[in-house]
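J.: Sharing a structure below in structure tokens format, with a few things to ask.
The values are calculated or read from the model by the stated rules, or taken from the named source; none is laboratory data. Everything quoted here is computed from the prediction, not taken from an experiment. Here the Cβ positions follow ideal geometry from the backbone for every residue, glycine too, while neighbour counts run over all protein chains shown.
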Amino acid sequence: MHGFFVFKFCIYFTCRIDGYCFVNLEDTLHYLYNRYPVFDRIGGLAYKPGLERVYQLSGFFDNPHQKFKSVHIAGTNGKGSSSHLLASIFMECGYKTGLYTSPHLKQFTERIRINGKEIDGQKVVDFVTTYKDFLEKSNASFFEITTIMAFYFFAEQNVDIAIVETGMGGRLDATNIISPELSLITSISYDHTQYLGHTLQEIAYEKAGIIKHKTPVVISEKEQDTLFTFQNKSDEMDAPLYFADDWVEVLPASSRYDAIKYRIKTETEYHHADCPLQGQYQLKNLKGVICAAHIMAGSWRITKEKISSGIANVLTNTHLKGRWQILKEKPLVICDTAHNVAGIAYCMEQLKKLNAHQLYIIFGFVRDKDISGILKVLPENARYYFSQARIERALQASELQKMCAAENLQGMLIPDVNEALQHALSIASEKDVIFVGGSNFLVAELNEL
């Protein structure tokens, strides 16, 4: 690591000669958001597939991605939750654990954490100030720059392991320059089809791009549509392949206040974990995470007890938010960042099981989602509020209202999500349920998150 710090000092000194310095984090982020293409905000115009730019970036920074061990996580739904869960398990085992996820909900610094603590804002300011000239010449995207920033920070802080979530795909994703200890691929469904393909096999092929030579890969959910895609890629890479469904059994909690039970199928004993993640879809994620932890236990200090405590303490360890998060009890107010057909369908099924006296749904989407497909899984007996996030990609709430009306989904137009929530709370009884979702960005604007 000594050479890395000498290198860092030399570059720092050279790039400070012009004296330019950003004032604070807000000033720095304003520059980043306006100077570099940000997919979260403008969508496809920011999409830059390929690894050439990120390899060039990494080379400039003395290849920080080679200076720490990692786990790489891809998938359509569940990769964020899985990343947080696995990071929490490693933290419980006493490892200094990096965590890189996207997008953020409230603050940019959420994307880069060590042992659950967000990167210090001043480090972001210093990084961008020091390397501004080079970054501008690199023609990189916002995501490529933040990926290298994360890797640089993990190397500088000498983490034991980093849990790295892909952005949109896998094969051409900026994170795919790492050589992980293990790859984990969560559920595959239709999302970003204009970039990843229009069939599940094509999408799975892109996600399978994170499978590395002779490196174990865990598939959280075994599906016939994608089975052979993963088998073929793992065979090509001579990578041990584990379908979590074949290795792990997870039994749901009998109530919100009960623990899940799980066991490795080659063993008879069940273990308990008080899982604070209440979404039923988390059972699929937990299988993949537990399977991955079990495999890595061969070379890392991971025990069943630490797996259980890692699951139980994920919210306090990594501060995961927005996954079937309960904001209020009476009436029950839930938010969830599910934003595609499969994810929202899971949420609607779970809402149905709550047997609400009246269900209120506050929704907003981004323009480039399969809105028509999502509308087909929504209940007609709910009362809707049509809202929109304050980003360029947001679908206009008035347009959403028109689309919903064509599907016999009726409701009120209140663009501001917090105003919509307050209106629903003003008329809901204690036996009612209010759900907020449809977009990461809409959920992020909730004051109570």
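J.: Condition first: touching a residue at least 24 places away in the same chain (Cβ under 8 Å), more than 13 Å from the chain's Cα centre (by Cα) and over 15 Å from MET149 (Cα atoms). Now tell me which residues in segment 95-115 satisfy that.
T.: Of everything in segment 95-115, those that are touching a residue at least 24 places away in the same chain (Cβ under 8 Å), more than 13 Å from the chain's Cα centre (by Cα) and over 15 Å from MET149 (Cα atoms) turn out to be TYR95, LYS96, THR97, LYS106, ASN115.
J.: Filter segment 283-309 down to the residues that are polar (S, T, N, Q) and over 20 Å from LYS214 (Cβ atoms) and list them by number.
T.: Step one: of segment 283-309, the residues polar (S, T, N, Q) are 285, 299, 303, 308-309.
Once the filter is applied, which keeps residues that are polar (S, T, N, Q) and over 20 Å from LYS214 (Cβ atoms), segment 283-309 yields ASN285, THR303, SER308, SER309.
J.: If the requirement is being over 15 Å from THR76 (Cα atoms), in contact (Cβ under 8 Å) with a residue 12 or more places away in the chain and touching a helix residue (DSSP H, G or I) at 6+ places or on another chain (Cβ under 8 Å), which of these qualifies: LYS222, LYS233, LYS214?
T.: On the way: LYS222 fails: over 15 Å from THR76 (Cα atoms); LYS214 fails: touching a helix residue (DSSP H, G or I) at 6+ places or on another chain (Cβ under 8 Å).
So the residue among LYS222, LYS233, LYS214 that is over 15 Å from THR76 (Cα atoms), in contact (Cβ under 8 Å) with a residue 12 or more places away in the chain and touching a helix residue (DSSP H, G or I) at 6+ places or on another chain (Cβ under 8 Å) is LYS233.
J.: Name the residues in segment 173-189 that are hydroxyl-bearing (Ser, Thr, Tyr) and over 16 Å from the mean Cα position of the chain (by Cα), would you?
T.: The answer is SER179, and nothing else.
J.: Could you tell me how many of the residues in segment 53-62 are hydrophobic (A, V, I, L, M, F, W, C) and either within 30 Å of THR193 (Cβ to Cβ) or crowded, with 24+ Cβ neighbours inside 10 Å (or both)? Explain how you work it out, then say what you get.
T.: Let us first name the residues in segment 53-62 that are hydrophobic (A, V, I, L, M, F, W, C), namely 54, 57, 60-61.
Add one more test, that the residue is either within 30 Å of THR193 (Cβ to Cβ) or crowded, with 24+ Cβ neighbours inside 10 Å (or both), and what stays is 54, 57.
Adding up the residues that qualify gives 2.
J.: Could you list, in sequence order, the residues of segment 19-55 that are charged (D, E, K, R), closer than 25 Å to SER179 by Cβ and at pLDDT 80 or above? If you could, list the steps in order and put the result at the bottom.
T.: Step one: of segment 19-55, the residues charged (D, E, K, R) are 26-27, 35, 40-41, 48, 52-53.
So of that shortlist, the ones also closer than 25 Å to SER179 by Cβ come out as 48, 52-53.
Result: GLU52, ARG53.
J.: So, restricting to helices (runs of 4 or more DSSP H) that lie completely within segment 185-249, which ones have at least 2 residues that are among the charged types (D, E, K, R)? Talk me through it step by step, then tell me what you get.
T.: Numbers: elements: 193-196, 200-207, 224-236, 244-247.
Qualifying helices (runs of 4 or more DSSP H): 200-207, 224-236, 244-247.
J.: Follow-up question, since we're still on this one. Among all residue pairs at least 6 apart or on different chains, which show Cβ distances below 8 Å where the first residue, located in segment 160-178, is at pLDDT below 95 and the second is of a type in the set (Val, Ile, Thr) and assigned to a strand (DSSP E or B)?
T.: Short answer, once both residue conditions are applied: GLY170/ILE185.
J.: On to the next question. Just checking, which of ALA155, ALA140 is under 30 Å from MET237 (Cα atoms), buried (at least 18 other Cβ atoms within 10 Å of the Cβ) and in the same structural domain as GLU26 (by TED's automatic domain parsing)?
T.: Working: ALA155 fails: in the same structural domain as GLU26 (by TED's automatic domain parsing).
Only one candidate qualifies: ALA140.
J.: If you take the residues of segment 304-318 that are out of contact with any Pro (no Cβ under 9 Å at 6 or more places or on another chain) and surrounded by 15 or more Cβ atoms within 10 Å (Cβ to Cβ), which of them is farthest from ILE362 (Cα to Cα)?
T.: In this case the residue turns out to be LYS304.
J.: Looking at (1) farther than 22 Å from SER83 by Cα; (2) among the basic types (Lys, Arg); (3) without any contact (Cβ under 8 Å) to a residue 40 or more places away in the chain, which one does LYS330 not meet, given that it meets all the others?
T.: (3)
J.: Read through the list (1) farther than 30 Å from SER179 by Cβ; (2) surrounded by fewer than 16 Cβ atoms within 10 Å (Cβ to Cβ); (3) more than 22 Å from the chain's Cα centre (by Cα), then give the number of the only condition that ASP246 fails.
T.: The single condition ASP246 does not satisfy is (1).
J.: Could you list, in sequence order, all residues of segment 179-198 that are β-branched (Val, Ile, Thr) and buried (at least 24 other Cβ atoms within 10 Å of the Cβ)? Before the answer, list the steps.
T.: So in segment 179-198, the residues β-branched (Val, Ile, Thr) come out as 185-186, 188, 193.
ILE185, THR186, ILE188 - these are the residues of segment 179-198 that are β-branched (Val, Ile, Thr) and buried (at least 24 other Cβ atoms within 10 Å of the Cβ).
J.: When only residues in segment 164-184 that are of a type in the set (A, V, I, L, M) and assigned to a loop (DSSP other than H, G, I, E, B) count, which is nearest to THR76 (Cα to Cα)?
T.: Our first condition is that a residue be of a type in the set (A, V, I, L, M); within segment 164-184, this holds for 164, 168, 172, 174, 177-178, 182, 184.
Next, only the ones that are assigned to a loop (DSSP other than H, G, I, E, B) stay: 168, 172, 174, 177-178.
Working: MET168: 8, LEU172: 15, ALA174: 16, ILE177: 20, ILE178: 20 Å.
Among residues in segment 164-184 that are of a type in the set (A, V, I, L, M) and assigned to a loop (DSSP other than H, G, I, E, B), the one nearest to THR76 (Cα to Cα) is MET168.
J.: Determine, yes or no, whether GLU392 is of a type in the set (Asp, Glu), on the phi < 0 side of the Ramachandran plot and free of Cβ contacts under 8 Å to residues at least 40 places away in the same chain. Can you show your working first?
T.: On the way: of a type in the set (Asp, Glu): yes; on the phi < 0 side of the Ramachandran plot: yes; free of Cβ contacts under 8 Å to residues at least 40 places away in the same chain: no.
Answer is no for this residue.
J.: Could you say whether any residue in segment 270-286 is closer than 22 Å to THR175 by Cα and surrounded by 14 or more Cβ atoms within 10 Å (Cβ to Cβ)? First the steps, then the outcome.
T.: First pass over segment 270-286, keeping only residues closer than 22 Å to THR175 by Cα: 285.
Going one step further and asking which of them are surrounded by 14 or more Cβ atoms within 10 Å (Cβ to Cβ), we end up with 285.
Checked segment 270-286: at least one residue is closer than 22 Å to THR175 by Cα and surrounded by 14 or more Cβ atoms within 10 Å (Cβ to Cβ).
J.: Within segment 257-267, how many residues are closer than 18 Å to ALA293 by Cα and either of a type in the set (Ser, Thr, Tyr) or touching a residue at least 24 places away in the same chain (Cβ under 8 Å) (or both)? Spell out how you get there, then give the answer.
T.: Pass one, segment 257-267, residues closer than 18 Å to ALA293 by Cα: 260-267.
Keeping just the survivors that are either of a type in the set (Ser, Thr, Tyr) or touching a residue at least 24 places away in the same chain (Cβ under 8 Å) (or both) gives 260, 262, 264, 266.
Matching residues across segment 257-267 total 4.
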